Every structure is written in structure tokens, then in C-alpha cells.
Amino acid sequence: MNSLTDKNVSLIDPWQIEIKTPDIPMPLPCRLSFAPLIKILGEGYDTGSPSTNRRNQDIATLAGSIPELLQPISTSEAFSRHGDTIAALMGAIFPVNFGQAVAFAAIFPFQPSGFWTSKMFADIFLSDQGHFLGCPSECGKSPKYSMMLDLYKFVLADGFGLGAAVRHTSELFEVKRHETGLMSFHRMYLDLSYCVVKIEDKPKNLAPELIDKVFRSINDVEELMRIFPLDGIAIEGFTIVRSFDVTQQEAFSRIKQLLLSEHNNHAERGQELENLLRILCGDPSLRIGLFIEFEDKLLQSLGLGIHPQDVRPVWYDLGVELDLQTLEGSAHQKVLEQKFPQK
């Protein structure tokens with residue numbers, strides 16, 4: 001994986017990585033471009049520091065003098081040729097020292113291809129080859145609807161001035177931790193401030209009847225794609241992703257849901273509960289179950305004349321179906337023998 005790397009951040013050539021194609025084909029081109037960032041910096045991106053503002057405007061002036069950086073970047077050669085300038089541009093909105101404590105990355109618009117990442121983000125989400133390891137959580141929104149609806153709302157607002165501007169979205173992701181093999185949960189916040197809609201072959205003024213149909217179907221992806229296909233439109237720029245670890249909150253929430261739910265398969269429920277507690281405690285070796293320590297109290301309450309010295313304590317693993325071998329020698333076996341004698 002080729003990259004311009006600092007100890008805290010890395011500039012990665014996305015064309016050097018075999019990117020896994022999303023399950024959902026994109027209905028329009030999404031191109032990497034630095035022109036929106038160059039424009040924002042050139043117009044005076046306020047950092048609160050006059051000297052930093054001047055430096056950023058100098059970077060924008062330098063980048064703006066390179067015609068190739070004002071067009072979408074579509075090849076590894078173009079990306080590598082201007083790697084130092086691209087790193088300077090990205091450093092203007094994410095200073096290098098941010099990478100010490102913040103998990104962030106920059107990706108293609110609405111695509112999993114990343115090109116700028118903090119060390120923390122890379123440690124959590126990227127393989128040694130640069131592949132993104134996270135996946136949308138099954139308990140979160142459907143990845144199809146969350147991505148496609150956000151895309152449509154962004155196109156309508158930014159390209160046609162319809163509806164409120166969509167600049168920030170979020171999604172719950174899960175990823176397996178390298179050190180423990182346990183899942184962790186992360187809330188991803190996507191910033192679309194550096195994306196623009198390009199209308200290349202479509203009328204900008206939509207008919208009132210079409211606008212009405214679009215808004216009545218604004219939460220129905222299939223209907224939107226039927227009545228308002230996105231041909232002749234493209235998105236250019238990049239998306240900033242910030243990630244926050246919400247493993248404990250999510251594990252607690254799922255444990256609560258599991259305990260309150262109706263579940264016919266008790267072994268399966270026990271396994272799920274055990275796995276969530278492992279995630280919560282960060283211990284892959286954790287086991288949960290029931291251990292009846294006071295067998296004498298149990299036998300006395302049943303009044304079956306079974307003596308405590310005749311039985312042994314048993315560990316009942318919640319994630320395993322009980323069988324006769326597990327119960328052998330326990331108070332439960334003695335009770336079963338008396339209540340249901342074998343013929």
C-alpha cells in the first residue's frame with residue numbers, strides 16, 4: 001500500500017487497493033475531486049488563527065494553479081503526481097496532530113474508497129492492504145436505504161435547491177477488533193461539506209408535477225429511482241468520516257433488548273447474551289451460566305428426602321442445551337428420577 005505517511009495520518013493511493021464493490025450499484029458517477037476544497041480554502045476558511053488562514057489561502061492558490069487538481073482525479077498517476085499538494089490541502093482541514101486522538105478518514109463521495117486516514121482510524125478499520133473492514137450494523141438502518149436516501153436528498157438540495165441541505169449523516173458500523181477478535185460498535189458521522197452536485201445533462205428546472213411526486217416518495221428508494229433517475233448527474237469532491245466508539249452503549253442496549261424479548265431458543269439466547277457480555281467486558285474467554293451452590297436448600301424446599309451429600313453442584317452453561325450427561329449426579333437429576341421414574 002503506497003502512502004505519504006506521517007506517524008498520525010496517511011495519504012493512501014486508492015488506486016493501489018483492490019476496493020470491494022458495494023452490494024448496491026451507484027446510480028450516478030461519484031468522482032474524487034479537490035476543487036470544492038480549493039474553493040472553500042481560497043474564499044477564506046476561518047480556523048480562528050490569522051496566520052493559519054493565510055497559510056491555507058496560500059495552499060489554495062498553489063493548488064488552484066495546477067489544472068489537474070481542478071478536475072476530478074481518476075488515475076493513480078495523477079494522484080501520485082500531486083501527492084504533496086493533496087496532503088497539504090487535507091492538512092488544512094485536518095492538522096496532523098488530530099490523528100493522535102481522533103478516528104477520521106476522507107473517502108470518495110458515497111463510496112468506500114479512502115485516501116486520507118488518521119492512524120487511529122486505520123488501526124480500527126483498515127486491513128494491512130488498506131481494505132475497509134467495517135460493515136453496517138444489522139441493528140442499524142438498512143445500508144441500502146440509508147445511503148441511497150441520503151444521496152437523493154443531497155442531489156435534490158445541492159443540485160436543484162429542493163429541500164433542506166443534507167450536509168451530515170450518520171451510520172452505525174461494527175468491526176472485529178484485531179487484539180481480541182470481538183466485535184466493536186462505532187458511530188460514523190459523514191460530512192458532505194466538500195461534495196458538489198454536477199448537472200451535466202438534465203434540466204435544472206424540474207416540472208412542478210415531478211417535484212410533487214419526488215417529495216411524496218422521498219423515503220421510497222425504488223419509487224425515487226423510477227420517477228427521477230439520476231442519469232446526467234454526478235457528484236464530485238470527497239466525504240469526511242469521523243468515528244466514535246459506542247461499544248459499551250450499544251452492548252448495554254442490545255443486552256436490554258435481548259432480556260426483554262421473547263426468545264424460544266434458550267441456548268441461542270444464552271449464546272447471544274454471553275457474546276454481548278464478552279464485548280462489554282472486552283474478554284473473549286468470559287463464560288456465563290448458573291451455578292447452584294446451595295443444593296441442600298433446594299432439596300429441603302422440595303421435600304423429596306434426597307440428602308445433599310448424595311448430589312454434586314453443577315454449572316449450567318446458558319449457551320448450551322442441557323443433556324442428561326450434564327445433569328448427572330446433580331440435584332436436578334435426582335428430582336427428575338423421583339418425579340419421572342423410568343419404566
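Numbers below:
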quantity: Where a residue in the stretch 59-80 is without any contact (Cβ under 8 Å) to a residue 24 or more places away in the chain and its partner, wherever it lies, is surrounded by 13 or more Cβ atoms within 10 Å (Cβ to Cβ) and assigned to a loop (DSSP other than H, G, I, E, B), with Cβ under 6 Å and at least six apart; calculated: none
quantity: Of the criteria (1) touching a Cys at 6+ places or on another chain (Cβ under 9 Å); (2) farther than 30 Å from I73 by Cβ, which one T239 fails; calculated: (2)
quantity: Selection from the stretch 76-110 of residues that are part of a loop (DSSP other than H, G, I, E, B), at pLDDT below 90 and farther than 15 Å from P36 by Cβ; calculated: F94, P95, A101, V102
quantity: Within the stretch 232-248, tally of residues that are over 20 Å from G161 (Cβ atoms) and either of a type outside the set (A, V, I, L, M) or open to solvent by 20 Å² or more (accessible area, probe 1.4 Å) (or both); calculated: 9
quantity: The stretch 203-218, subset over 15 Å from A157 (Cα atoms) and of a type in the set (K, R), residue most open to solvent (accessible area, probe 1.4 Å); calculated: R216
quantity: Scan of the stretch 47-70 for residues that are of a type in the set (S, T, N, Q) and in contact with a Phe, Trp or Tyr (Cβ under 6 Å, 6 or more places away or on another chain), ordered by number; calculated: N56
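The values are calculated or read from the model by the stated rules, or taken from the named source; none is laboratory data. Predicted model, so just to flag it, every value in this text is computed and none were measured. All Cβ positions, glycine included, derive from the backbone under ideal geometry; neighbour counts span all protein chains shown. Only protein heavy atoms, including side chains, enter the accessible area calculation; ligands, DNA and RNA are left aside. Shrake-Rupley method; radii C 1.70, N 1.55, O 1.52, S 1.80 Å.
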